[in-house]
Each structure stands twice: as structure tokens, then as C-alpha cells.
Amino acid sequence: MGAKQQKASRCSVCGVSSESSDHLFIRCRIAIALWEAVFSAFQQCISADTWSLLFSQAMSVSFSDHVRVLWKTTIHVVAWSVWLACNRLIFESKTMDLRSALSLVWRAMSDANRLEIECMRNCVDDLLILRRFDLHGCPARAPVIRSVIWSPPAPGWTKVNTDGVALSSPASIAINFAWQNGWHRIWLESDSSYVVQLLSSHSKQVPWRIRQAWQRCIYQISKMEFQVFHIFRDENQVADVLSKHALGLEVDSWGKLPVFLLFVG
């Protein structure tokens, strides 16, 4: 009685090698052709010995938010197309040629482009990728450029600029300093919208550790001619630099311009 020899499993699509996930998704002829078409269209060069490594590398490629959605869709649909071709041959005895598989991939990418996805980069690379597939992109909006210039206070007023992210409560400290020096017409500017909102509404909803100082501040501004405005951080660079240096110094004022402010702005 002769021993039976078990034949090694062959790839259902190409029949030239043992069937494994690495062969099916990387080395099978239809997979090779699909990856070449996709990588060429997206101007990428990815080489890997295993399917898991190829997928990992593909997912880490950097694109704009818009193109990244199309790229990831394409990667997943290529894998699904190869799997579909394999199963059709096994269970339906039908073959899927490269043209049909590519058509499936590009159609899925076109469908993904109709979703409400993020903007493309306003660059030639993104534009060329979209044009290859006759797709329309969503350009990023041009940035709004504002002129930010610090303005001196009106006559008779004292302007106070505070850094909204400085430690402790710089706005309340500034008000107390003005109160002690008899400055009762205060124009305060801060780059913190939150601080501006609290002072404008005389809110008492502040952390407990500064509540006592804050309540004193609210009382003091109620006895002043007081205005508070938001200022962009670009206009508030001097206050930002001063607050950082003051943390390590034992002075609260300077009689002349400090050296570290000479090149600010």
C-alpha cells in the first residue's frame, strides 16, 4: 500500500506558487500589476517582503488630508480586488482580468472623492494626482493676513498689556499694580479671550487659588474707568517676553528699555 503524497497548495489566481497572504497580496501577477498602477499614479515607491509590512508602509505615507483619503481607499480596494479575484476563480470558476480589477479600484476612489473630505494642499503634486483621475479637489482657503500694530493709549489713559498664558493671574496683578499707583483710567489688553470675557462680565467663576485676588480685582475695576480688549499675540510680544523674564527676577518694573526687548518685533 503506497503512501499518499499531499500536494502543496497552489495560488488559485496564477498557479505558480504556494498560496499564502504574502504571495496573494504581493507576488501574484494581478497584485503586482495593481500595485504598480497605483504606486505610479500616486508617485510612490514602496517595496516590502510581506503583506503586513507593505500595508504598514502604505498607511504611513504622508499626503494632504484630501489625497490621503483617496490613497487609503485605493490601498484597501486593491487588497479587496485581489481577494475577490481569488474567490471568484475558486467558487464561480470566473476570472477577473487586470482591466476589470483596475476599474473597480478607480471607481471606489472616485466614490471616495465625493465624500465631504478635507482640503487638498495648494501644490502641484496634489493637483497632478487629482488630474490623473479627472477628480476635483477642494483647495485650502488662502490665509487671512492681518496688520497687527500696537497702538498707544488715548490721552489720560494708561494701557496695560498682559500675557494670557503667564503663570498666576497677570491681569488681576496688573490691575492691583495700577490701583496702588493711582492709575484709575485703565485700558487693558490681553491675548487671552477667556480673560477678556471674565473681566468684561465681572465673572467670579475662576479657580479657587486665585479667587481672593480676583474678587479684589473686580472690586477695583468697578471703581475705575476701565476698558478691556482682546489683542492678537503678534501685537503682544513685549508683554509675552516680559512675563517670561519676570518669573526669574525680583523686579516689577524697569526704568528704561531692558536689553532683552531690543530685538522684539
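For the reader, a short list of remarks on this structure follows.
- The range 106-148, subset among the acidic types (Asp, Glu) and surrounded by 11 or more Cβ atoms within 10 Å (Cβ to Cβ), residue modelled with the highest pLDDT: ASP111
- Candidates SER103, SER9, SER40, SER60, filtered to the one that is modelled with pLDDT under 90, among the hydroxyl-bearing types (Ser, Thr, Tyr) and surrounded by fewer than 15 Cβ atoms within 10 Å (Cβ to Cβ): SER9
- Evaluation of ILE90 against (1) aliphatic (A, V, I, L, M); (2) part of a helix (DSSP H, G or I); (3) surrounded by 15 or more Cβ atoms within 10 Å (Cβ to Cβ) (one fails), failing number: (3)
- Looking across the range 19-52, the residues that are closer than 16 Å to SER81 by Cβ and in contact (Cβ under 8 Å) with a residue 60 or more places away in the chain come down to LEU24, ILE30, ALA33, LEU34, ALA37, VAL38, ALA41.
- Qualifying residues in the range 155-207 (those that are in contact with a Pro (Cβ under 7 Å, 6 or more places away or on another chain) and in a strand (DSSP E or B)) - the one modelled with the lowest pLDDT: THR162
- Scope the range 99-110; condition in contact (Cβ under 8 Å) with a residue 24 or more places away in the chain and not aromatic (Phe, Trp, Tyr); matching residues: ALA101, LEU102, LEU104, VAL105, ALA108, MET109, SER110
The values are calculated or read from the model by the stated rules, or taken from the named source; none is laboratory data. Note that the coordinates shown come from a computational prediction; the quantities given were computed from them, not determined experimentally. Please note: Cβ atoms are built from the backbone with ideal geometry, for glycine as well, and neighbour counts cover all protein chains shown.
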